[in-house]
Amino acid sequence: MGLLDKFKSKFVSAEGKANPPEASFATRSDAVYAPISGVLVTLQEVKDEVLPVGLLGDGYGIVPTTDTGIIYSPVSGRVGAVTTTSHSIVIATDEGMEVLVHVGIGTVNMKGKGFNSLVKMGDAVRAGQPLLTFDNASIKLAGYDDVVTCTISNPDAFSKVEHVGDSGTLLGGRPLVKIGDPLLVVKK
């Protein structure tokens, strides 16, 4: 195997699919980090019946600012669930957080088209590890919202969930976050 083949194997799987590189950022075990770069919105601003009332937990929405549809793990832990349509993943941490990352609103109706899971249930993952890829153009073409939500689905297990997602960089008065920026911190 030549140098070019070794380099290529880091970015392309045996099936010829792209392997996104990991994102590298400092982490704490009590924090949840941005799984994608974009414009930060509250769950109340997400156009959905379930998310704004907190039925899926406490967190944020992120409107992607790029068409590079890669979701990175917002925490280190173990994959607790991956939907058959690959549009959402739950990760359980050693600290007891259950973190749900969900791509789009109504995207379950796409039946997996445009989504590719890079992990499976039971896999150990590190914060910054690629979890799934999605085709942002396919989501928009199908008429769905591409907002990515990142929530702690069991906030009642903690005394407090602090919303720390903020940024000095604004787009239209809204904070921008990049992969690995802290979003939430839990207190036991």
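Structure data summary
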{"read-out": "Segments 35-41, 101-107, 124-130 sorted - mean Cβ within 10 Å per residue, highest first", "value": "101-107, 35-41, 124-130"}
{"read-out": "Cα-based Rg and Dmax for segment 107-154, where Dmax is the largest Cα-Cα distance (Å)", "value": "12.5, 34"}
{"read-out": "Where a label projected 7 Å from the Cα of Thr68 along Cα→Cβ would reach, residues of segment 126-142 with amide N under 16 Å", "value": "128-137"}
{"read-out": "Cα Rg, Dmax (largest Cα-Cα span) when computed across segment 91-187, Å", "value": "15.2, 42"}
{"read-out": "C-alpha center-to-center spacing [segment 123-169, segment 55-69] in angstrom", "value": "4 Å"}
{"read-out": "Added length on full extension, which subtracts the Cα-Cα distance from 0.36 nm per residue, Glu22 to Asp123", "value": "34.8 nm"}
{"read-out": "Subset of Lys113/Lys140; Lys120/Lys188; Lys47/Lys111; Lys47/Lys140 violating a 22 Å alpha-carbon distance limit", "value": "Lys120/Lys188"}
{"read-out": "Rounded percent of accessible protein surface that carbon and sulfur make up, segment 87-166, 1.4 Å probe", "value": "50 percent"}
{"read-out": "Cα gyration tensor shape for segment 27-179, rounded if a/c is under 1.5, else prolate or oblate", "value": "rounded"}
{"read-out": "Viscosity 0.890 mPa s, 25 °C: Kirkwood-radius Stokes-Einstein D of segment 136-188 over Cα pairs, µm²/s", "value": "180 µm²/s"}
{"read-out": "Size of electric dipole in segment 74-188: Cβ of Lys, Arg +1 and of Asp, Glu -1, about Cα centre, debye, nearest 20", "value": "160 debye"}
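The values are calculated or read from the model by the stated rules, or taken from the named source; none is laboratory data. The shown structure was predicted, so the numbers you read here are calculated from the model rather than taken from an experiment. Methodologically, a virtual Cβ is constructed for each residue, glycine included, from the backbone with ideal geometry; neighbour enumeration extends over all protein chains shown. Just so you know, the surface numbers come from the protein's heavy atoms only, side chains and all, with ligands and any DNA or RNA stripped out. Shrake-Rupley method; radii C 1.70, N 1.55, O 1.52, S 1.80 Å.
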